[in-house]
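Colleague: Here's a structure for you.
The values are calculated or read from the model by the stated rules, or taken from the named source; none is laboratory data. In this text, all values refer to a predicted model and were calculated from it rather than measured experimentally. Here the Cβ positions follow ideal geometry from the backbone for every residue, glycine too, while neighbour counts run over all protein chains shown. Heavy atoms of the whole protein, side chains included, go into the accessibility calculation; ligands, DNA and RNA do not. Shrake-Rupley method; radii C 1.70, N 1.55, O 1.52, S 1.80 Å.
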Amino acid sequence: MPEPPDQIDDHIIVASFKDEKLREASFTRLVRKYQERLYWHIRRMVVEHEDTNDILQNVFIKVWKNLGEFREESNLYTWLYRIGTNESLTWIEQQKRRTSVSLSDNEDVFSERLTAQRDFDPNKIEWKLQQAIQTLPEKQKVVFNLRYYDEMPYEDMSGVLGTSVGALKASYHHAVKKVEAYLKGD
């Protein structure tokens, strides 16, 4: 019986990807192992399913093109999250330029996308939390999502975002305070 995809060691995935004969199977294992986690990481930033799928596809294209040069100086999932985060932030910036809206208007756009979701219920706490998160500045939103939803250690976050652990802790603290204030109606 084959190993479940999430149980396959990342070092084996990377090593087998570098072997031309094993490349496609290795990449398939990588996608199966990380696709769902990356999907939700991206979805929390861009909100809409279709946009998330487009960005995720771009992430995996970049991974395919660059995995052969991955030196394993960081964890594979840290590298993948960095690519996913950068692709998401690039997409968000493109949306801002395309619609020529101010930052506060942009927050309203993402909040409107959230409330337009088919199963949106403003009385459910998870939807209120999502609305609160949408009010955060992009950097705080990413830090909050990585820590709260993905339970990513600050050291790994530092590798993903290229920011010091101390700055990330401060950013998360400020984000939590803003989310709490929003939820309390302050």
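Colleague: At a Förster radius of 35 Å, what calculated FRET efficiency corresponds to the Cβ-Cβ distance of HIS11 and ALA181, to the nearest 0.05?
Modeller: Efficiency at R0 = 35 Å is approximately 0.20.
Colleague: Between their Cα atoms, which of LYS33/LYS178; LYS139/LYS184; LYS62/LYS141; LYS18/LYS141 are more than 28 Å away from each other?
Modeller: Result: LYS33/LYS178; LYS18/LYS141 exceed 28 Å.
Colleague: Write out the GluC sites (Glu not before Pro) in the stretch 135-186 meeting two conditions: DSSP loop, and at most 12 other Cβ atoms within 10 Å of their Cβ.
Modeller: The qualifying sites are GLU151.
Colleague: On average over all directions, what projected area in square nanometres does the stretch 1-100 have, based on the convex hull of its Cα atoms?
Modeller: So the Cα hull casts an average projection of 7.0 nm².
Colleague: Sticking with this structure for a sec: Could you work out the relative contact order of the stretch 1-100? I mean the mean sequence separation of Cα pairs under 8 Å and 6+ apart, divided by the number of residues, in percent.
Modeller: Reported as a whole number, the value is 27 percent.
Colleague: Quote the FRET efficiency, to the nearest 0.05, computed for GLU72 versus GLN95 with a Förster distance R0 of 35 Å and r equal to the Cβ-Cβ distance.
Modeller: With R0 = 35 Å, the Cβ-Cβ based efficiency is 0.55.
Colleague: Let me ask you something else. Mind jotting down the distance between the C-alpha centroids of the stretch 127-144 and the stretch 18-92, whole Å?
Modeller: Going from one Cα centre to the other spans 22 Å.
Colleague: If you don't mind, another one. Probe radius 1.4 Å, ligands and nucleic acids left out: which of HIS174, HIS49 has the largest accessible area, and how do the rest follow?
Modeller: The ordering from most to least exposed comes out as HIS174, HIS49.
Colleague: Additional query: In square angstrom, rounded to the nearest 10, how much accessible surface does TYR34 have for a 1.4 Å probe?
Modeller: About 10 Å², ignoring ligands and nucleic acids.
Colleague: Rolling a 1.4 angstrom probe over the protein chains, ignoring ligands and nucleic acids, what is the accessible area of TRP127 in square angstrom, nearest 10?
Modeller: Accessible surface of TRP127 is approximately 40 Å².
Colleague: Enter the accessible area of LEU183 (Å², nearest 10), with the probe set to 1.4 Å and all protein chains included.
Modeller: Using a 1.4 Å probe on the heavy atoms, I get roughly 80 Å².
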